[in-house]
Amino acid sequence: MDKQLLLMTGIALAVVLPIVIVILHDIDRKDKRKDNFGASLSTKKNKNRTLFRIYSVLNDFPPAQTYMKKIRRRYEILYPGEERETAIQTVKTTLVTWLTCLLAAGFVYLRKPNFNNFWVGIILIYVIHNEIIGFMIHRTETRLLEDMVIFLSEVRHNYHVNRMVDDSIRNAMEGLGYEMKVHAGKLYEILVSNNLREEIAKYNAATHNKYLKMFLSLCVGVLEYSDKKVHGQFLFTANIENLKKEINMELLKRKKLSFLFSGVTFVTIAAIVPIDAIKQFGISMMPELDTFYNGKPGIILVTTTLITTLAVYVLNNYLKETNQFLPKEYRYLKRLEKVKVIKRALDNYTEKHYGKTILLRDTLKQMGETISPRQLLLRRMITSMLAFILSLLLVFYIHQNSRILILTRVPDLSSEFMVMNQSQQEMVKETIRSKVNAYKDMGDLTKEKILQELDGEKTFYNTRLNESIAERILDRVIQYRQEYLKWYELILCFGIAFIAFYIPYWMVLFKKKILQMSMEDEVNQFHSIIYMSMYIDHITVKDLLEELELFAVVFKQSIQECINNYNSGEIEALTALKEKESYPPFRRLVDNLIRCDVMSMEKAFDEISSDRENYHDRRKQENEISVQKKADIAKPLSWLPTGFVMAYLTLPLLLASIDELRMFKEAMQNI
């Protein structure tokens, strides 16, 4: 394999991976030495203040904001309810990982790699770094859920002994893993706090784990309204058992996704690693392939392969993501939206396509997206403009590369030069190179002028040979002068920009399809939440909606709007919620919520308690179907880069074979 390729692969594996893991583990090790849960690090206050300011600045920058939210999820588990410490640890990890990747990319650049190796190296660094962060986040979250199952079992056992929620939590903390122990300590602090509601609000704002929020809600319900027996057992212990089932189902779903998606990223990315090795092998076997691999066709095919690989990698990451989508602020789009010229253009478009804008707005709300149709349109415009600029730069690069090849490389000579030995052929090639460099900027150039100069130099005494050399020189000079931006290339760039304009919208539809796969599972999960809450005294429909909103993804936006409008009229808000959503099982659930106005919640949702086991089995089956559907989409996608790489290997061989047959035919005709 090519030395540069081995070097860059080694950099990605030996530099990025170990440094990131060591740094994150070092931070974890320091955290675990703390005696107080969620306490700040023992560093100088001014240093922490500086880091927090850096976090605030980076959080206003869209690419950094998205990246830091992924890392922040991990530190929210380690620092529950500690907003400032979570931000400080997030920015530390961000700066270290960015610096590591920057150093690796800089070292790759200083080695002066070719086009293929440079971009393959950059993609490898990006993917490996992204996989490290994703792996550590998912590992921490999974470990927390596994420990939470043990924790809930201990709390349930202790509650049977002393009937005290806070004491049950305190006694259950022994033997837990670090992550769960931190959260258990924080939950205990909240439950014994004098400002209970304020502490609950702070914890819920800083923590995204819905199961912990639900457990806290159950504990608070017992503290405020006491416990009671339902069907012969305490309601609190029964709800803990139901919550354990929900967590076990989530763990099973994660493990199933992990199993089915194992190897998908490797298959996607591994295909592009030998690209340059394929090129070197092909040229060493058939030198005439140099024209393809280092020319326009090779660059275009490699670029298409790399773009396809990145696109497939991103799509597969969306498919295997199990966490609920966190809301984004889109600050840069909001700022650009206020610019007068852009605002006028957006106003004109939305006025002309008012109906489509309303439908798109409803679609975005159903998906829980915080981006508005106008902001999505602005993003599409930016994507289109960037695609046009990048494609135009690629065209200029291809032309410049072709000019360099014309000036520096001469492909194998045709059959009429075959009678010459190797040294004579090299003399011919050197003559062609020197003359092309000399004549490239000459105004009026003809074959006769070139032939006259060749005859005058008397390098070659064969007139027919000089004529052939003159033809080749003239052809290469003409090729050199034709390497400029053509009108059809400009149209092609506009075509790429037109396609790029629709990519953000297609991504919205793709995300919508993924969410729709989980629609029935989400409604069944709502039934489980209602079953845990319906027997609690003094619970209202609004309280129940707030509990459902914690677990919602597909219906999150609609439920939030219903809660906001609830004070204006209960029945009106619920009716509006029903009209917004078209999914029949969810509409039936809202009907039952409306019936709670004329009957008790227990009677309104009587079918849930009577058909409890069927709901559980149905959820399990729907989870398996949903996960399998995602895997069925991801696996064929992951083989697309391999198809392009196979074309990169076989297509030039096929074209070279056809060209050899043509040359053989010409030679036979000249006999």
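At pLDDT 85 or above, assigned to a loop (DSSP other than H, G, I, E, B) and over 30 Å from residue 273 (Cβ atoms) - does that describe any residue in the range 130-153?
Scanning the range 130-153, I find no residue that is at pLDDT 85 or above, assigned to a loop (DSSP other than H, G, I, E, B) and over 30 Å from residue 273 (Cβ atoms), so the answer is no.
Quick check on the range 178-212: of everything there that is open to solvent by less than 40 Å² (accessible area, probe 1.4 Å) and without any contact (Cβ under 8 Å) to a residue 24 or more places away in the chain, which residue is nearest to residue 552 (Cα to Cα)?
So the residue we want is 200.
Residue pairs, Cβ under 6 Å, 6 or more apart or interchain, first in the range 103-128 and at pLDDT 80 or above, second not in a helix (DSSP H, G or I). List them.
120/272
Could you list all residues from the range 410-462 that are among the hydrophobic types (A, V, I, L, M, F, W, C), open to solvent by 80 Å² or more (accessible area, probe 1.4 Å) and modelled with pLDDT of 65 or more?
Across the range 410-462, the qualifying residue is only 427.
From the list 222, 230, 165, pick out the single residue that is farther than 19 Å from residue 530 by Cα and of a type in the set (A, V, I, L, M).
The conditions single out 165.
Can residue 376 be described as open to solvent by less than 50 Å² (accessible area, probe 1.4 Å) and modelled with pLDDT of 75 or more?
It is true that residue 376 is open to solvent by less than 50 Å² (accessible area, probe 1.4 Å) and modelled with pLDDT of 75 or more.
Condition first: in contact (Cβ under 8 Å) with a residue 60 or more places away in the chain, acidic (Asp, Glu) and assigned to a helix (DSSP H, G or I). Now tell me which residues in the range 339-397 satisfy that.
362, the sole residue that qualifies.
Looking only at the range 213-244, how many residues end up being touching a strand residue (DSSP E or B) at 6+ places or on another chain (Cβ under 8 Å) and either among the aromatic types (Phe, Trp, Tyr) or open to solvent by less than 40 Å² (accessible area, probe 1.4 Å) (or both)?
The total comes to 3.
Take residues that are over 29 Å from residue 493 (Cβ atoms) and under 26 Å from the mean Cα position of the chain (by Cα) and tell me which of the helices (runs of 4 or more DSSP H) falling wholly in the range 261-323 contain 2 or more.
Result: 264-270, 296-320.
What helices (runs of 4 or more DSSP H), lying completely within the range 586-646, carry at least 1 residues that are closer than 24 Å to residue 554 by Cα and open to solvent by 40 Å² or more (accessible area, probe 1.4 Å)?
Where helices (runs of 4 or more DSSP H) fall fully within the range 586-646 and carry at least 1 residues being closer than 24 Å to residue 554 by Cα and open to solvent by 40 Å² or more (accessible area, probe 1.4 Å), they are 606-610, 612-638.
Suppose we keep only residues that are modelled with pLDDT of 75 or more and touching a helix residue (DSSP H, G or I) at 6+ places or on another chain (Cβ under 6 Å) within the range 65-82. Which one would you say is farthest from residue 332 (Cα to Cα)?
75
Scan the range 485-500 and give yes if some residue there is outside any helix (DSSP H, G or I) and either open to solvent by 30 Å² or more (accessible area, probe 1.4 Å) or closer than 30 Å to residue 296 by Cα (or both), otherwise no.
Within the range 485-500, one or more residues are outside any helix (DSSP H, G or I) and either open to solvent by 30 Å² or more (accessible area, probe 1.4 Å) or closer than 30 Å to residue 296 by Cα (or both).
Looking at 530, 514 in this structure, which one is closer than 23 Å to residue 377 by Cβ and either in contact with a Pro (Cβ under 7 Å, 6 or more places away or on another chain) or open to solvent by less than 30 Å² (accessible area, probe 1.4 Å) (or both)?
It is 514.
Any residue in the range 437-463 that is closer than 30 Å to residue 484 by Cβ and aliphatic (A, V, I, L, M) sitting within a Cβ distance under 8 Å of a residue that is at pLDDT below 75 and part of a loop (DSSP other than H, G, I, E, B)? List the pairs, counting only those 6 or more apart or interchain.
Sorted first by the residue in the range 437-463, then by its partner, the pairs are 454/460.
Return the residues of the range 245-272 that are of a type in the set (A, V, I, L, M, F, W, C) and open to solvent by 30 Å² or more (accessible area, probe 1.4 Å); say none if nothing qualifies.
252, 259, 266, 267, 270
Residues 515, 451: which one is farther than 30 Å from residue 248 by Cα and of a type outside the set (Val, Ile, Thr)?
451
Filter the range 463-484 down to the residues that are among the hydroxyl-bearing types (Ser, Thr, Tyr) and open to solvent by 70 Å² or more (accessible area, probe 1.4 Å), then identify the one that is nearest to residue 388 (Cα to Cα).
484
Exactly one of these conditions fails for residue 329: (1) acidic (Asp, Glu); (2) in contact with a Leu (Cβ under 9 Å, 6 or more places away or on another chain); (3) open to solvent by 60 Å² or more (accessible area, probe 1.4 Å). Give me its number.
Residue 329 satisfies all of (1) acidic (Asp, Glu); (2) in contact with a Leu (Cβ under 9 Å, 6 or more places away or on another chain); (3) open to solvent by 60 Å² or more (accessible area, probe 1.4 Å) except (2).
Report every pair of residues separated by at least 6 positions or lying on different chains whose Cβ atoms are under 6 Å apart, first residue within the range 512-528 and more than 15 Å from residue 548 (Cβ to Cβ) and free of Cβ contacts under 8 Å to residues at least 24 places away in the same chain, second of a type outside the set (Asp, Glu) and assigned to a helix (DSSP H, G or I).
none
Check residue 538 against each of (1) touching a residue at least 40 places away in the same chain (Cβ under 8 Å); (2) surrounded by 15 or more Cβ atoms within 10 Å (Cβ to Cβ); (3) farther than 20 Å from residue 630 by Cβ and name the one condition it does not meet.
Among (1) touching a residue at least 40 places away in the same chain (Cβ under 8 Å); (2) surrounded by 15 or more Cβ atoms within 10 Å (Cβ to Cβ); (3) farther than 20 Å from residue 630 by Cβ, residue 538 violates only (2).
Take the conditions surrounded by fewer than 17 Cβ atoms within 10 Å (Cβ to Cβ), outside any helix (DSSP H, G or I) and among the small types (Gly, Ala, Ser) and apply them to residue 175. Does it pass?
So residue 175 fits the description; yes.
Any residue that is among the charged types (D, E, K, R), at pLDDT below 85 and over 25 Å from residue 250 (Cα atoms) - is there at least one of those in the range 162-182?
So far as the range 162-182 goes, yes, one or more of its residues are among the charged types (D, E, K, R), at pLDDT below 85 and over 25 Å from residue 250 (Cα atoms).
May I ask you to verify whether residue 210 is modelled with pLDDT under 85, over 16 Å from residue 158 (Cβ atoms) and touching a Phe, Trp or Tyr at 6+ places or on another chain (Cβ under 9 Å)?
Criteria met by residue 210.
Cβ-Cβ under 6 Å, sequence separation 6+ or interchain: first residue in the range 265-286 and farther than 16 Å from residue 307 by Cα, partner open to solvent by 40 Å² or more (accessible area, probe 1.4 Å) and of a type outside the set (Asp, Glu). Which pairs?
Note: pairs meeting the criteria are 277/1; 278/649.
The values are calculated or read from the model by the stated rules, or taken from the named source; none is laboratory data. Because the structure is predicted, anything quoted here is derived from the model rather than measured. Methodologically, a virtual Cβ is constructed for each residue, glycine included, from the backbone with ideal geometry; neighbour enumeration extends over all protein chains shown. Quick note on the areas: whole protein, heavy atoms, side chains included, nothing else; ligands and nucleic acids left out. Shrake-Rupley method; radii C 1.70, N 1.55, O 1.52, S 1.80 Å.
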